[in-house]
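The structure appears below as structure tokens.
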Amino acid sequence: MSGKKLPDYYEKPIASGLEQKIADIRHISQNSSDVLVNRIVVGEIPCALLCCEGMVGMSFISQLIIEPLTEIPPMQSSDALFEHVRNRLMLSVDRPVVYNYGELFRTLNSGFAVLIAEGQTKAFAFGAQGYDRRSVGEPSGEANVLGARDGFVEVIRPNMSLLRRRMKSPFLKLELFNIGTVSQTDICLCYLHDRVPEKLLRQIKERLNSTELETILSTGYLQPFLENRSGNLFDTVSLTERPDVLCAKMLEGRVGILIDGSPFAMVVPKLFVESFQSLDDYNYKPYYATLIRWLKYAAFLIAVMLPALYIAVSMYHPELLNSTLLMILSEAEANAPLSLTAEAAGVLLIYEIVREAGLRLPKAVGGAVSIVAGLIIGDAAVSSGLISTPMLTMAAISVIAGYVLPDLNQAVTILRLAFILCGGLWGLYGTALLGMAVMFNLCACEAFGYPLTAPLSPLHRRGLRDVVTRLNFRRLQKGHFTVEEYHE
């Protein structure tokens, strides 16, 4: 059925007659093979137990639901039967009552068993989930040395339990609802209600409720609705695979968003300086963590600007180089058939092609891509004279520096090429002008009134304790800094 027809039956009340209910269910599902309708007599009342094949645990539903139902003594009416099931039988911990076909199908497709009976305009749902899922494992994109080894999975309820296990405070609130007219995807807002600003929480809920998407399959579907404008170079919503990282953000008053079917959690609002932080920073000695953090700042500048500065200085400002270095570079570039700008752009674009190929290919042949790329680009291209050795070195250093900040990979890739073009056209003046434009764009980014550049701009001295340096926890625990203080 198309998305436009969904409201026609989603708000339709459940019929009272059993045969009519079964007919409506078969009509709405178009006799789908996985929707199982099991007729059963419970307490001398005609009933039917509904479930979705592959979504429920068969042993669980047989022992804890079907057997207790068959042992119910004769009842005078369906009202008495439902009253008995509600008050005298547990059957399942999660037991929602549904009153329309929209709720019925949402619970049915979420792995619930649904009991309908003759003469009842409501139905009982029992949590009997038993679908296959990936077990909790180590996050692939946020590796650490001394931290935990568990990460989010694709099923939302185990993800909620990972947060609750770490944050046993009664102030932790996990608010579950669904979005998507067709998919009815479960979404969970995670926050500490004694720390999150009420205005921020209200605005996030309004944004999510205003979405008119038919389906939500990943975080990228919702992220544009949580960002204020589309011209931002940098994301104002962060992603994480780690429950401990999300707990740390919630302690600062942030809001986490879990999506059923995605192993990533969104965090709102995001700060730019968080891209240079990792969980291991808080396990190392403060002096070593500070050194690593400054290396990341330097790596960001190298990844973005090193090829552009090499081109600008070599083409327009050779007087900045000493005579020995100038002679080495001029001799290396004398035999190259392409300009410095074309060389740099070509090498980096080829790298992006190789990286994408290695990412999308099966693992069995993915390694062969890097071998072929290394032989062709690293050896054959230089030996043939198509690419100079200094340019290939600068591009390689820039690419390796970008690996240090995977959270900024998209922005670094685009900015690196943009700086190369500006440096090739206008020299250092072009790179300086583009750098100012990037700074203006960065300072203009904000999420729900929280600047992306905080606590640097606007300046919050107390917030710099975990930005410029990483102080020890004896000092960090004094006066916990929350995101509410960053509000414009």
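Read-outs throughout are calculated quantities, based only on the coordinates presented, and are distinct from any laboratory measurement. Here the structure is a predicted model, which means the values were calculated and not measured. Note that we place each Cβ from the backbone using ideal geometry, even for glycine, and neighbour counts take in every protein chain shown.
A few notes on this one:
- Extension gain for the segment GLU44 to GLN63, taken as residue separation times 0.36 nm less the Cα-Cα distance, is 4.8 nm to one decimal.
- Global geometry of segment 222-316, whether rounded, prolate or oblate, following the gyration tensor of its Cα atoms and the 1.5 cut on a/c: oblate
- Applying the criteria of a DSSP loop state and at most 10 other Cβ atoms within 10 Å to the GluC sites (Glu not before Pro) of segment 48-117 yields GLU71.
- For segment 381-488, the list of trypsin sites (Lys or Arg not before Pro) that fall in a loop by DSSP and count at most 16 other C-beta atoms within 10 angstrom reads LYS478.
- Projecting the Cα atoms of ALA334, LEU471, LEU192 onto the dipole axis of the chain, where Lys and Arg carry +1 and Asp and Glu carry -1 at the beta carbon, places LEU471 farthest toward the positive end.
- Percentage relative contact order, segment 3-127, counting C-alpha pairs under 8 Å, at least six apart: 34
- Pairs exceeding a 32 Å alpha-carbon distance, out of LYS249/LYS296; LYS249/LYS285; LYS249/LYS363; LYS168/LYS285; LYS173/LYS270; LYS168/LYS363: LYS249/LYS363; LYS168/LYS363.
- Within the chain: Cβ-based charge dipole about Cα centre, in debye rounded to nearest 20 (Lys, Arg +1; Asp, Glu -1): 1280
- Potential extension, GLU212-GLU154 segment - 0.36 nm per residue separation minus Cα distance: 18.6 nm
- Dipole moment magnitude, nearest 20 debye, segment 156-277 about Cα centre, only Lys, Arg, Asp, Glu C-beta charged: 460
- Listed residues ALA368, PRO286, VAL347: farthest to the positive end of the dipole of segment 282-444 (Cβ charges): PRO286
- Cβ charges +1 (Lys, Arg) and -1 (Asp, Glu), total dipole of segment 3-127, debye: 300
- Using a cutoff of 8 angstrom between alpha carbon atoms and counting only pairs six or more residues apart, the relative contact order for segment 156-277 works out to 29 percent.
- Cα lying deepest toward the dipole's positive end in segment 96-175, options VAL114, PHE126, SER161, charges on Cβ: SER161
- For segment 269-316 versus segment 395-417, the gap between their alpha-carbon centres in whole angstrom: 11
- Anisotropy class of segment 91-222 from Cα gyration tensor, a/c 1.5 cut: prolate
- Taking segment 395-457 and dividing mean pair separation by its residue count, relative contact order in percent (alpha carbons under 8 Å, at least six apart): 14
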